[in-house]
Structure formats: structure tokens, C-alpha cells
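> I have a structure here, written as C-alpha cells, and I will follow up with some questions on it.
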Amino acid sequence: MKTGDVKLAFIVTKLPYKSETSRLAITHALSYQTVEVLLEDNQTITPSLIFVDEGVLNCIKNHKSMEHYELTSVETHLKNALLVEMDIYVCKESIEKFGVLPERIVNAEDIGAEKSIKIVSKDEIKEIIKRADHLLYF
Amino acid sequence: MKVAVFVSEYRCNLNPLEYIPAEKLGFILVGNGVYHAVLKENYQDSPILQQKGDFYVLLEDLETRGCETDCINPKVKPVTYDDLVDLIFYEYEKLMWLQ
């Protein structure tokens with residue numbers, strides 16, 4: 001196994017709820033904290049979540065899935081990811097295509113997270129993907 | 001024939017509609033189909049909303065996804081599960097799902 005820091009890019013293209021795909025991307029990315037107990041001292045894992053195309057619609061805030069279906073929301077998972085300081089990126093071109101305003105994107109200030117979701121261009125996303133060691137598409 | 005068409009996907013094939021000889025079509029947007037009611041991809045209404053018929057969106061599914069009711073396209077009527085039951089029982093004779 002590669003030593004040092006292993007960068008994982010979780011790339012989310014699917015819509016939320018109808019399937020579990022996008023939720024799995026977030027929970028898998030969050031699981032890096034559990035996996036670290038199995039690593040050697042000189043190994044670390046740095047996941048990042050990247051939402052592109054229709055996947056950006058996961059990042060709209062105020063999900064009411066718990067109220068209507070008693071289902072933990074994708075938003076809650078995203079907030080937990082921000083709380084553990086995971087890097088989360090949303091494609092600027094995609095949110096513009098769907099007419100989603102930046103202020104409608106999830107943040108986790110209410111639970112004390114210092115990080116926020118970064119809205120970045122497609123070119124910046126390509127650079128992030130280039131730097132990753134492994135790509136995981138959801 | 002009055003047909004209610006359930007739409008639960010954002011990307012779906014509209015071709016089957018050509019074969020439905022309905023005098024009245026009602027599109028009921030549920031699941032990920034609710035995005036048709038609120039998104040204007042590239043500033044255009046969804047192709048679903050360009051069909052002839054009545055349009056309904058399930059509020060519970062819309063709010064689950066964080067979409068706001070004031071963003072609902074004026075062509076689309078928001079409905080609850082209770083309203084949906086009434087539509088199925090009293091307004092439409094047949095139901096179909098568009099995948």
C-alpha cells in the first residue's frame with residue numbers, strides 16, 4: 001500500500017433519495033476516520049467529495065426527509081462531513097445550469113463546522129481530480 | 001380516457017406518451033420527478049412541462065429534497081399525499097409510470 005497521504009476523490013453525479021447512491025458516497029467518504037485505525041503510522045487518507053452535474057442537487061439545503069419519511073437526510077451527512085473538516089466541492093457550472101443560487105447550498109454553521117462547501121469551476125475540479133490517487137464515482 | 005402519468009425520474013423517456021390515446025393527461029411528479037417542477041435547466045422549462053396536460057407535484061417529496069414551494073413552476077399544482085389519493089380515485093381512470 002502507498003505510504004504517506006492517499007487522496008481519495010468521491011465524485012457524485014446522482015440525484016438524492018430515489019437511490020442510495022449519493023448517500024453512499026458521503027458515508028463512504030466519512031468512513032475514512034474508521035479506516036485510519038487500520039493504517040500504518042506513516043499512512044493517512046484524505047477524502048474529498050465532489051458534486052457535479054445532477055449530483056449538485058444533493059447539496060441544496062433544508063431537506064425535510066426526516067419530517068416526511070423519518071429518513072436521515074443527505075444534508076445531515078453533508079453537515080457531518082463538514083464538521084470533520086472534509087473538503088467538499090460543488091461544480092459552479094452545474095449549479096448555474098440548474099439555476100441553484102449559491103445561498104441555497106448546505107452549510108453546517110449551525111452545528112459549529114468551520115468548513116463550508118466550496119463552489120468551484122469545472123477546471124478547478126479537474127485539477128482536484130488530477131491530484132487524487134483514487135477516483136470513486138457514485 | 002383519463003390517464004395519470006407518474007414521473008419519478010429527472011431524466012426520462014417521453015416516447016411512450018405518443019401511444020397513449022388520452023383525452024386528459026395528468027402528470028404527477030413524485031420522487032426525483034419533483035425536480036421537473038422547480039428546475040429550469042439552461043433557463044428552459046422541463047420537457048415534461050411542455051406536454052399537454054395538468055401537472056401536480058408531491059409536496060412531501062419536494063420538501064424532502066430541500067426545494068422551496070415558491071420555486072414551483074406556475075403550471076404545476078402542489079399536492080399532498082391526501083390530494084394524491086383523491087386524484088387517483090376521482091380524477092383519473094388509469095395510471096402509468098414514466099421511467
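> With a point put 7 Å past each Cα toward its Cβ, work out how far residue A:27 is from residue B:50 in nm, to one decimal.
Modelled inter-label distance: 3.9 nm.
> Near the amide H of residue A:119, under 5 Å away, which other amide H atoms are found, from residues 5 or more places off or on another chain, if H is placed in the peptide plane?
Those lying under 5 Å, H to H, from residue A:119 are A:90.
> Which residue fluctuates most in the GNM of chain B (Cα springs below 10 Å): B:19, B:35, B:56?
Judging by the Gaussian network model, the answer is B:19.
> Beta carbons within 10 angstrom, averaged per residue: use that to sort the peptides A:16-26, A:33-43, highest first.
Going from most to least packed, we get A:16-26, A:33-43.
> Rg to Rh for segment A:91-137: what is it, with Cα atoms only and Rh by Kirkwood?
That ratio is 1.04, to two decimals.
> Projected onto the charge dipole of the protein assembly as shown (+1 at Lys/Arg Cβ, -1 at Asp/Glu Cβ, origin at the Cα centre), which of A:55, A:42, B:90 gives the Cα projection farthest towards the positive end?
My answer, from the dipole projection, is A:55.
> Using only Cα atoms, tell me the angle between helix A:74-83 and the longest principal axis of chain A; keep it within 0 to 90° and round to the nearest 10.
50
> Angle check, please: helix A:122-131 long axis (alpha carbons) against the longest principal axis of chain A (alpha carbons), in degrees 0 to 90, nearest 10.
So the helix axis and the longest Cα principal axis differ by about 20 degrees.
> Follow-up question, since we're still on this one. Which entries in the list A:118/B:52; A:79/A:130; A:14/A:115; A:122/B:75; A:18/B:2; A:64/B:2 go over 30 Å, if you measure between the two C-alpha atoms of each?
A:118/B:52; A:122/B:75; A:64/B:2
> Something else now. State, in angstrom, two size descriptors of chain A derived from its alpha carbons: Rg to one decimal place and Dmax to the nearest whole number.
Calculated on Cα positions, Rg and Dmax stand at 14.8, 45 Å.
> As I understand it, the value is the acute angle between the Cα axis of helix A:21-30 and the longest principal axis of the Cα atoms of chain A; what does it come to in degrees, rounded to 10?
Relative to chain A, helix A:21-30 is tipped by roughly 40 degrees.
> Figure the gain on full extension for residue A:118 and residue A:53 (residue separation times 0.36 nm, minus the Cα-Cα span) and round it to one decimal in nm.
Net length gain for the segment: 21.9 nm.
> May I ask you to rank B:65, A:104 by accessible area, largest first, using a 1.4 Å probe over the protein chains only?
On the way: B:65 10, A:104 40 Å².
Reading off the accessible areas and sorting them downward yields A:104, B:65.
> Also: For the protein assembly as shown, what is the calculated [θ] at 222 nm in deg cm²/dmol (nearest 500), taking -39500 (n - 2.57) for each run of four or more DSSP H residues and dividing by its residue count?
-6500 deg cm²/dmol
> FRET efficiency for residue A:84 and residue A:135, Cβ-Cβ distance as r, R0 = 22 Å, nearest 0.05? The partial results should precede the final answer.
Numbers: r = 21 Å, r/R0 = 0.96.
Step by step, r from the Cβ atoms, then E = 0.55.
> Given the whole protein assembly as supplied and a 1.4 Å probe, what does the accessible area of residue B:89 come to in Å², nearest 10?
We get 150 Å² for residue B:89.
> Quick one: what are the phi-derived ³J(HN,Hα) couplings along segment B:93-99, Karplus 6.51/-1.76/1.60 with θ = phi - 60°, whole Hz, x for glycine and proline?
Whole-Hz 3J(HN,Hα) from phi for segment B:93-99: 8, 10, 10, 8, 10, 9, 9.
> Which value in nm describes the separation of the simple spin-label points at residue A:3 and residue A:61, placed 7 Å from the Cα toward the beta carbon?
4.4
The values are calculated or read from the model by the stated rules, or taken from the named source; none is laboratory data. Because the structure is predicted, anything quoted here is derived from the model rather than measured. So basically every Cβ, Gly included, is an ideal-geometry build from the backbone, and we count neighbours across all protein chains shown. All accessible areas refer to the heavy atoms of the entire protein, side chains included, with ligands and DNA or RNA removed. Shrake-Rupley method; radii C 1.70, N 1.55, O 1.52, S 1.80 Å.
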